[in-house]
Amino acid sequence: MRWLLSRPPFLSLPLPPPTLTLFIISGRNFTASQNFFAQRLSRVRGGQGLRKLFGPGDVRGFAVGRLSQKRHLGQVFLRNMGIRDQIVTHADIHNTTDVVEVGCGMGVLTLPLAQRSKSLTIIESDCGFLSETLRRIKEEAGKAEVEGIHSDFTKCGFQSVSPERFTVVSNLPYQISTEFVQLVVSSRHRIDRCVVMLQRDFAERMAARPGSKIYGSLSIFAQFYLKVRPLMDVPRTAFKPIPKVESQVIEIIPRSKPLYDLDEDRFFRLVRGAFWGRRKTLAKCIREAPGLKDLEKQDPLNCPFFQTSPMVRGEALRISDFVTVYEQIFGIKATRNSNPED
């Protein structure tokens with residue numbers, strides 16, 4: 001605290017307008033004009049200054065002098081406005097839509113979302129980027145109803161989001177992709193749809209079909225609760241700094257009900273066990289997978305499914321096949337809610 005107050009350059013930085021919006025930090029609300037220390041903590045050692053990454057046209061209207069890229073947060077910044085516009089078009093935002101954005105970065109997506117939506121909630125762990133993005137929205141989209149939540153999304157999820165139902169539009173930090181899918185599933189009754197950019201390999205695994213090399217437990221988990229549709233591929237060159245991976249924008253629509261009513265803990269332990277050994281048969285995986293050893297179950301050789309398909313592997317099974325194995329292995333009946341092939 002004393003160190004911060006003793007540095008004259010920090011004291012000369014302009015504060016955002018006093019009526020900007022509300023932050024929620026550590027469970028406490030306060031106005032941006034009171035966000036004195038958050039503004040001065042925006043430089044983090046080890047980050048790369050944005051002036052070195054971007055030209056003047058990329059950062060117009062954004063006070064980058066006191067901000068830096070934080071590699072430990074997986075920050076890369078979308079700079080292709082054509083890609084930005086396509087994402088916004090796919091999101092189909094109207095003045096009746098409540099929107100949530102996870103990770104605003106430099107506000108490339110945030111400004112058009114704020115201009116089109118009924119309300120916008122931003123969840124961002126970097127207080128410097130959040131504050132600067134909100135300042136810019138106030139200047140360029142003054143009538144927008146915008147709330148900033150300064151928090152780690154993997155810890156807070158959608159719990160602090162005020163609207164009862166909302167649409168999620170985001171260029172996600174790729175390192176939180178798994179947690180994002182899990183949190184979307186846990187809040188699926190509140191989410192109308194998501195249009196999000198993910199690492200392409202991860203997005204393709206979510207939508208993978210049985211028999212493909214990338215089909216696995218993530219595919220089954222996602223498709224059990226969600227409808228996943230690829231929208232467009234995004235090249236690495238659309239970002240600065242240029243990442244090592246390609247990206248993909250996908251649409252996620254939560255199902256009104258999971259595909260089946262069953263014991264979900266047992267079912268997904270079975271699914272994870274099926275992919276425990278990629279080169280092992282499903283029957284061998286069920287016998288040997290560590291995550292299944294404490295569960296009471298039938299020997300696979302005594303189940304009708306394995307008597308007809310003794311050498312089958314997990315990657316060849318549809319969700320409906322896994323449910324059949326679940327019923328025979330655990331002796332528990334599952335109820336189908338909707339067509340598993342939808």
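The values are calculated or read from the model by the stated rules, or taken from the named source; none is laboratory data. Since this is a predicted model, take the numbers as computed values, not measurements. So basically every Cβ, Gly included, is an ideal-geometry build from the backbone, and we count neighbours across all protein chains shown. Please note that ligands, DNA and RNA were not included when accessible areas were found on the heavy atoms of the full protein model with its side chains. Shrake-Rupley method; radii C 1.70, N 1.55, O 1.52, S 1.80 Å.
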Size descriptor, Kirkwood hydrodynamic radius, that averages inverse alpha-carbon separations across the stretch 185-342, Å: 16.9
Spin-label model distance (nm) - M232 vs R266, 7 Å beyond Cα toward Cβ: 4.6
Kirkwood Rh in Å, taken over all unlike Cα pairs in the stretch 270-330: 11.2
Simple spin-label model, 7 Å along Cα-to-Cβ: S212 to E139 in nm? 4.4
Need one number: convex hull volume per residue for the stretch 162-233, Cα atoms only, in Å³. 95
Multiply the residue separation of T324 and R336 by 0.36 nm, subtract the distance between their alpha-carbon atoms, and state the gained length in nm to one decimal. 3.2 nm
Residue-normalised accessible area of the stretch 236-341, expressed per residue, 1.4 Å probe, Å²: 52
Inter-label distance, nm, simple model (7 Å from Cα along the C-beta direction), T178/S162: 3.5
At R0 = 25 Å, FRET efficiency that the Cβ-Cβ distance of I242 and M81 yields, to 0.05: 0.90
